Amino acid sequence: MPKVSITALALSLMLLSGCAGQTAAQRTTGPPVDVAGTWHGTYYNPSGLITTSTIRLLLEQTGSEVTGRAEPGGDLTGTVDGNSFSYRYTSLRGGGDLSVNGDEMKGFGSASGVTLQFKRQR
């Protein structure tokens, strides 16, 4: 293999490994994490009329199934797979796809792409 090709391959691998460390929280599958409780958070939507606001999730969990309410937003249903929590509103369009890390969740709104961040109230 020519020397230039080996150098290009090595450089490509270094760049790809550097990018992997800069991604959002890693989502894993497996036994569901606990998301039950009251979560206080914010959403950030730079292109909306209201760019930043607060949101609260009141969640109950049985196994991997989640029910609850978002204020504002309304009733919701969701599932947990490993540290991944996805929810959808039952009466409105939208929801969220989040990664859970202890008492913090981060992710994006599923319909709008807004940034969501939550902390659990203990």
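The values are calculated or read from the model by the stated rules, or taken from the named source; none is laboratory data. The structure displayed is predicted, hence computed values, not measured ones. In this analysis, Cβ positions are derived from the backbone assuming ideal geometry, glycine residues included, and neighbour counts consider all displayed protein chains.
For Gly95, all conditions in the list (1) under 14 Å from the mean Cα position of the chain (by Cα); (2) modelled with pLDDT of 95 or more hold save one; what is the number of the exception?
So the condition that Gly95 fails would be (2).
In region 98-122, which residues are under 8 Å from the mean Cα position of the chain (by Cα) and either loosely packed, with under 15 Cβ neighbours inside 10 Å or free of Cβ contacts under 8 Å to residues at least 40 places away in the same chain (or both)?
Leu98, Phe108
Quick one: would you say Asn45 is modelled with pLDDT under 90 and either touching a Gly at 6+ places or on another chain (Cβ under 7 Å) or of a type outside the set (A, V, I, L, M) (or both)?
yes
Within region 35-66, restricting attention to residues that are hydroxyl-bearing (Ser, Thr, Tyr) and either surrounded by 16 or more Cβ atoms within 10 Å (Cβ to Cβ) or under 15 Å from the mean Cα position of the chain (by Cα) (or both), which residue is farthest from Lys106 (Cα to Cα)?
Tyr44
Scanning for something modelled with pLDDT under 95, assigned to a helix (DSSP H, G or I) and of a type in the set (Ser, Thr, Tyr), does region 9-19 turn up at least one residue?
yes
Of all residues in region 98-122, which are of a type in the set (A, V, I, L, M) and modelled with pLDDT under 95?
Residues satisfying the conditions are Ala111, Val114, Leu116.
Check Gln26, Gln22 and return the single one that is within 13 Å of the chain's Cα centre (by Cα), on the phi < 0 side of the Ramachandran plot and modelled with pLDDT under 95.
None of the others qualify; the one that does is Gln26.
Would you point out the residue of region 72-92, among those that are assigned to a loop (DSSP other than H, G, I, E, B) and surrounded by 15 or more Cβ atoms within 10 Å (Cβ to Cβ), that is nearest to the chain's Cα centre (by Cα)?
Of everything passing the filter in region 72-92, Asn83 is nearest to the chain's Cα centre (by Cα).
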